[in-house]
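This report concerns only the one structure given below.
The values are calculated or read from the model by the stated rules, or taken from the named source; none is laboratory data. Quantities reported herein were computed from a predicted structural model and do not represent experimental measurements. Heads up, the Cβs are rebuilt from the backbone with ideal geometry, glycines too, and the neighbour counts pull from every protein chain shown. With ligands, DNA and RNA removed, areas are computed over all heavy atoms of the protein, side chains included. Shrake-Rupley method; radii C 1.70, N 1.55, O 1.52, S 1.80 Å.
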Amino acid sequence: MGTEASTVHLSQMVGGAFSLYAATIVERLGGIHVFLMEDKDRAAYLANDLYELLDEEHVAFFASGYKRSAAYGAEDAQGLVRRTATLNAITNYRSGYLAICTYPEALAESVADRTRLDSDSKHIAVGDSLEQNALVEWLADHNFTRVDFVYEPGQYSVRGGIVDVFSYVESKPYRIDFFGSEVDSIRRFDISSQLSAERPNDVDIIPNMMRASDNTRVSLAQFIGQATWWLDDGDYALRKIAEIRKKVLEQAESTDDVAMLAARVTSRQVLLQDWATSRLVLLKDNLRERRATTTIAFDTAPQPSFNRNFAMLADDIRWNKERGYETFILSHNKAQIERLTNIFHQTGRQGVTFHATDLVLHEGFVDNILKVCIYTDHQIFDRYQRYHIRGE
């Protein structure tokens, strides 16, 4: 993969081959790896693939804090949670690996620097000496909203000696129970049932870092520091970021507005500067400022489209075997594998064999070097595959 600050081009890498080989590299090299895909859906599907291939706890999704992008406003509470949780994961990273999936709209938005994230976080542990009023005052000072019942990040409520608070790095709120001036217990609870889910010994309360002052904002690349960046289409991503920045700056009504808005979105130039010490892995060698110094040639092709024509699939598997290729069909659903086997028997193709693998990728592929065909059951049966981001 080259040394630090090298630029590597992966040629002829398609479909799930990218997910599979990238996961292998992430696990072997360790460190922080950021996958910049061309849009949110591609980033989310890659994250789902990495959940399958790596330890899900070490895969993060860095989302936009807005429903569309910074150019249109309208904050997205769920996006803010994912975004802040990723920054927290980066801050707490010590060893092993951390894989982050993102997209241009999310990367365009600047983030609070590490010093601000540390200083604005509040750590609370069972047994701490802490006045309830002091916690309530801290929450109000950090733009948490007081409500009767918490239901989304950035809210808190007070009932007697209990403070419920919904941190921006969590999918569920915490209930902090005070006994006098001491933290008696901390419980994570379900919003709908109000039942406790778990009892952690401590918790970090993190506010909305989108509201950090402009002079503490940096690009995600600078926030992370040394990392490996995997770019689906680097030039497209940077052009998209430039477009978002332009639309944001067009909203300025004064010189002061320009400076304020410029601090909230990054630029092509800033990102390239902040990538200077990082390794770039390109699926397309199209960054004029960072041309590839090394090319690794693959020979992969997308999974063929069978359109539920199982006779065609059977013939394809048989032909693959004659060429020395092994066919693997990925599925978590044993019933689907049995159904496929039965269909082959019913159509007189009992001799067709394949390897059933308890794994799911978004896209299958053929590797002509390793001579393997990795097919997914949802593509074979022409089913739409939904993605699910961890923590939703």
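Under 29 Å between C-alpha atoms is the cut-off here; go through the chain and count lysine pairs that meet it, provided they're at least eight residues apart or on different chains.
20
Report the one residue of H355, V126, F18 whose Cα lies farthest in the direction of the positive end of the charge dipole of the chain (charges on C-beta: Lys and Arg +1, Asp and Glu -1; origin at the Cα centre).
Selected residue: H355.
Work out, step by step, the length gained on full extension between D118 and E326: first 0.36 nm times the residue separation, then minus their alpha carbon distance; give nm to one decimal.
Once the chain is fully extended between D118 and E326, it gains 69.8 nm.
Calculate how steeply helix 40-53 sits against the longest principal axis of the alpha-carbon atoms of the chain, using the helix alpha-carbon long axis, and give the answer as 0 to 90 degrees to the nearest 10.
80 degrees
Taking the Cα centre of each part, how many Å lie between the stretch 309-352 and the stretch 81-157?
Here the answer is 49 Å between Cα centres.
Output the relative contact order of the chain, whole-number percent, from Cα pairs under 8 angstrom with separation of 6+ residues.
So the answer I get is 23 percent.
If the stretch 309-376 were replaced by its equivalent ellipsoid, with semi-axes equal to the square roots of 5 times the Cα gyration tensor eigenvalues, what would those be, largest first, whole Å?
Rounded to whole Å, the semi-axes are 18, 16, 9.
Go ahead and collect, in residue order, the members of the stretch 116-134 whose backbone nitrogen is under 17 Å from a label point 7 Å along the Cα-Cβ direction of F179.
Flagged as within label range: 125-132.
Would you indicate which of (1) 95, 43, 41; (2) 84, 43, 42; (3) 75, 50, 37 is the value of Cα extents along the principal axes in Å derived from the coordinates of this structure?
Working out Cα extents along the principal axes in Å from the coordinates points to (3).
Just the number, please: carbon plus sulfur as a percent of the accessible area of the stretch 303-391, 1.4 Å probe, no ligands or DNA/RNA counted.
Taking all protein chains in place, the stretch 303-391 shows 49 percent carbon and sulfur surface.
Quick one: which of 359-368, 172-181 comes out on top by average Cβ neighbours within 10 Å, and what's the full order, highest first?
359-368, 172-181
Can you list, bin by bin at 10 Å, the percent of alpha carbon pairs in the stretch 67-181, starting at 0?
Values per bin, smallest distances first: 11, 38, 34, 14, 2.
What is the ratio of the Cα radius of gyration of the stretch 233-282 to 2.2 N^0.38 Å, with N the residue count, to two decimals?
Expressed relative to 2.2 N^0.38 Å, the Cα Rg reads 1.31.
Picking from Y375, G324, S267, whose Cα lies most toward the positive end of the charge dipole for the stretch 243-392 (charges on Cβ: Lys, Arg +1; Asp, Glu -1)?
Comparing the listed Cα positions along the dipole, G324 ranks first.
On the first, second and third principal axes, largest extent first, how far apart are the outermost C-alpha atoms of the stretch 185-264 in Å?
49, 35, 26
Would you mind giving the average projected area, over all directions, of the Cα convex hull of the stretch 1-135 in nm² with one decimal?
11.1 nm²
So, R0 is 51 Å and r is the distance between the beta-carbons of T293 and D128; what FRET efficiency does that work out to, to 0.05?
0.50
So with the 1.4 Å probe, I'd like the accessible area per residue for the stretch 238-378, rounded to whole Å².
Counting only protein heavy atoms, the per-residue value for the stretch 238-378 is 54 Å².
Averaged per residue, what accessible area in Å² does the stretch 30-165 show with a 1.4 Å probe, protein chains only?
Using a 1.4 Å probe on heavy atoms only, each residue of the stretch 30-165 averages 40 Å².
Evaluate Rg over Rh across the stretch 58-123, taking Cα atoms for both radii and Kirkwood's formula for Rh.
Dividing the radius of gyration by the Kirkwood radius yields 0.98.
Apply the Karplus parameterisation 6.51 cos²θ - 1.76 cosθ + 1.60, with θ equal to phi minus 60°, to every residue of the stretch 373-382 and state each ³J(HN,Hα) to the nearest whole Hz, in sequence, with x for glycine and proline.
Each residue's phi maps through the Karplus curve to give 10, 9, 10, 9, 5, 5, 6, 4, 8, 6 Hz.
Carbon-plus-sulfur fraction of the accessible area of the stretch 55-211, 1.4 Å probe, in percent?
So the carbon and sulfur contribution to the accessible surface is 42 percent.
Taking the chain as the reference, fit the longest principal axis to its C-alpha atoms, fit the long axis of helix 15-29 to the helix C-alpha atoms, and give the angle between the two in degrees, 0 to 90, nearest 10.
Computed tilt is about 60 degrees.
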